[in-house]
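The values are calculated or read from the model by the stated rules, or taken from the named source; none is laboratory data. Since the structure is predicted, the reported quantities are computational estimates derived from the model, not experimental observations. When we count neighbours, we look across all protein chains shown, and the Cβ atoms used for this are built from the backbone with ideal geometry, even at glycine. These area figures cover heavy atoms from the full protein model, side chains too; ligands, DNA and RNA do not enter into them. Shrake-Rupley method; radii C 1.70, N 1.55, O 1.52, S 1.80 Å.
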Amino acid sequence: MGDGSGNRGVTHSNNNNNGGGGTSNKPEWLQQYDLIGKIGEGTYGLVFLARTKTPGNRGKSIAIKKFKQSKDGDGVSPTAIREIMLLREISHENVVKLVNVHINHADMSLYLAFDYAEHDLYEIIRHHRDKVNHAINQYTVKSLLWQLLNGLNYLHSNWIIHRDLKPSNILVMGDGEEQGVVKIADFGLARIYQAPLKPLSENGVVVTIWYRAPELLLGAKHYTSAVDMWAVGCIFAELLTLKPLFQGAEVKATPNPFQLDQLDKIFKVLGHPTLEKWPTLANLPHWQQDSQHIQGHKYDSHGLHSFVHLSPKSPAYDLLSKMLEYDPRKRITAAQALEHEYFRIEPLPGRNGLVPFQGEKVVNYPTRPVDTTTDFEGTTSLQPSQPVSSGNAVSGNMPGAHGVPSRNATRPPMGMQRMPPQGMAGYNLAGGVMNPGGIPMQRGVNPQAHQQQQLRRKDPGMGMSGYPPQQKQRRM
Amino acid sequence: MAANFWTSSHYKQLLDQEEVDVVHPLDKEKGITLAEFKLLKMHMANYIWKLATHVKVRQRVVATAVTYMRRVYTRKSLSEYDPRHVAPTCLYLAAKAEESTVQARLLVFYVKKMPTDEKFRFEIKDVLEMEMKILEAINYYLVVFHPYRSLSQLLQDAALNDISMTQLTWGLVNDTYRMDLILVHPPHLIALACIYIASVLRDKDTTSWFEELRVDMNVVKNISIEILDFYENHRINMEERLNVAMAKLGSTIHNLEILQLTPTSY
């Protein structure tokens, strides 16, 4: 086999049988992007960072989410379908923007291209906790919260519940015109709740439990938009304290196991819910079934203010406690929250949440780690010393798990830049696939630009106070 | 937006009748006329409806599937997008979009149970490949609004929500999917046209109720006329005309099963 161009003819004819996956080793739709590298991975597939090459938008950063063909042989995953379906209808400054959808017919994969956001609340919180060691300033907390609520109010007023709000799904734009603007992301679990054909709980999806509302933990069958507001309350507290508010240990089982520990963590802080304050509590399955633990009434103290270090009389505390109201029907709505006094007092929230008032220090948040050794196939490529012959070198390292060998066998790493490999093992992004033999990778030609990212990646352990390792799956 | 028709992609994508009534050049080459194009789409709608009774999905899912199919053929040719693959796959995709996922192997099983030419092959792989082609063809716009929801609300508002009127209007709405109305008109106007026809048939005086609605009655009446014309046109020689059209498409769809045409609200 020769280099990439030598195989054009073969690849071409193979692709034609599949309805036109591409005309060269790089599918046609991909030619509008330069792939920078992989920035995330989840059960659905991978997320890549790329830059557009099209004139007018040249150099614009794009996050490309690749959905794998589902394993059960059932085509495009329903999660991807729902996400596309909603994103195609949504347009709001505080919601992530889907700029393009691509299909690669050859390997039946689906790609969603989004405007790229450099930061997210997970990383911002972590940076403050582990690196700069001081709280996020009040302006930033308030601005991020306000924008999050603003986006959520838009979704809710359009009958969409997000259902999986957590810090890693709340993106924040980096340098550029939209710097510091919040973008709600990951609509894979989102629902239009106006007229669901099935009870909304019937999807068997497991989401992070730390941000899950008590009514869901107690077995409520129907979601309301109030579940998102509970999550916002948890995120608000986390922005203030840099620690997850209710950090329960998750019971892993299907479907929908009873998460006693998570409830216990909530009760400890908020006190036990009572039928007086939450009348419909009596109807919730787990409340009825597990009366011993749940109705046990161990905790009376309502110590939320001391957990978040707020005066019980402060507007911030008032808003937070209204978000963490047990009864979903009494819980504050996004629209009400936006009108809350907290947002009317100094410092007033602003559009650029990252740049506070003059005089205050601007926190230099790290950029997203990019694994530049993985191509769109999710395949790790080991860089040969001579870039010209990359086709051969890559094919030698393909794990051969793609299902369309004719096309992938000689695929070069598409448009990837070479980067120094230090600290690679720390990202934990590529799992076992990455550099399987521990083969030394080529030193890069362009180390300068990525130095910051490299530095950041060097410390994988970093005394993760609150977070169990591997807790995070980046979902865009 | 997902719950507001006027800001939805559905609304923005509505077409003029003239834009819908375009036979693709590739189909034209085969001699397909506009009347035959419409007939074939109607046949596919019937097929999807029938298949859905086996697969057991809700009417809304079927309606969405038929809408996808009609949207596909506003951009693609029958010659290139084999109706025998497009029809069942639209149902498959609609089921996912409407959260009532149907397994591909189950779909294939039921497709094979439908009366069909022995030579026609339809496997899971065909569903999955066509699913992606359909997604592309409909430009990833998956949200569809249907007349059903407005229908119930409007009937209630007009105090016409007795069983007889509900059944009649519901059947009329089902039949509108045999036409391209869903591509051209807002769903609530289609619902109103069905109520209009039903109230004439059942001799209900709805004049004042319609007057109070702030809608363009000319449009409602035009839709009604279109529906009535459709019933009139499809009384006779259905099967024969369909056969002629299919023969023209030749190898592409001559195997498509011919259904007994029984519009539900004759």
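Using only the Cα atoms of the range B:1-89, build the gyration tensor, take square roots of its eigenvalues as a ≥ b ≥ c, and label the shape rounded, prolate or oblate: rounded if a/c is under 1.5, else prolate if a/b is larger than b/c, else oblate. Oblate, since a/c reaches 1.5 and b/c is not below a/b. Given a 1.4 Å probe, show me the residues in the range B:81-107 buried by at least 30 Å² of accessible surface when comparing the whole protein assembly to the chain alone. When all protein chains are present, B:K96, B:A97, B:E99 each give up 30 Å² or more of accessible surface.
Measuring only protein heavy atoms, the 1.4 Å probe finds A:T373 accessible over about 10 Å². Relative to the longest principal axis of the Cα atoms of chain B, helix B:34-55 runs at roughly 90 degrees.
Across B:L168, B:L192, B:L34, mean-square fluctuation computed from a Gaussian network of chain B (C-alpha pairs under 10 Å connected) peaks at B:L34. Looking at the square roots a ≥ b ≥ c of the eigenvalues of the Cα gyration tensor of chain B, which shape do they give, rounded for a/c under 1.5, prolate if a/b is larger than b/c, or oblate? Taking the square roots of the gyration eigenvalues as a ≥ b ≥ c, chain B is prolate. Peptide A:74-87 shows a mean partner chain C-beta count of 6 within 10 Å per residue C-beta.
Cross-link pairs exceeding 25 Å in C-alpha to C-alpha distance, out of A:K243/A:K268; A:K166/A:K252; A:K60/B:K12; B:K38/B:K133, comprise A:K60/B:K12. Applying 1/(1 + (r/R0)^6) with r as the Cβ-Cβ distance of A:E28 and A:T274 and R0 = 56 angstrom yields a FRET efficiency of 0.35.
Excluding ligands, DNA and RNA, what is the accessible area buried between chains B and A, summed over both sides, using a 1.4 Å probe, to the nearest 100 Å²?
3000 Å²
Approximating the spin labels as points 7 Å out from Cα along Cα→Cβ, the A:E250-to-B:R235 distance works out to 6.4 nm.
Between A:S157 and B:K113, the FRET efficiency estimated from the beta carbon spacing at R0 = 51 angstrom works out to 0.70. Based on C-alpha pairs under 8 angstrom that are at least 6 apart in sequence, the range B:147-233 has a relative contact order of 32 percent.
When ranked by the protection proxy of mean other Cβ atoms within 10 Å per residue, highest first, what sequence do the peptides B:205-214, B:73-82, A:166-175, A:343-352 form?
Numbers: B:205-214: 11.4, B:73-82: 19.3, A:166-175: 22.8, A:343-352: 14.0.
Averaged packing, sorted descending, gives the order A:166-175, B:73-82, A:343-352, B:205-214.
Surface listing: A:W159, A:W230 arranged by accessible area from highest to lowest gives A:W159, A:W230, probe 1.4 Å.
Rounded, prolate or oblate for the range B:147-233? Axes are the square roots of the Cα gyration tensor eigenvalues, ordered a ≥ b ≥ c, and the cut-off for rounded is a/c under 1.5.
rounded
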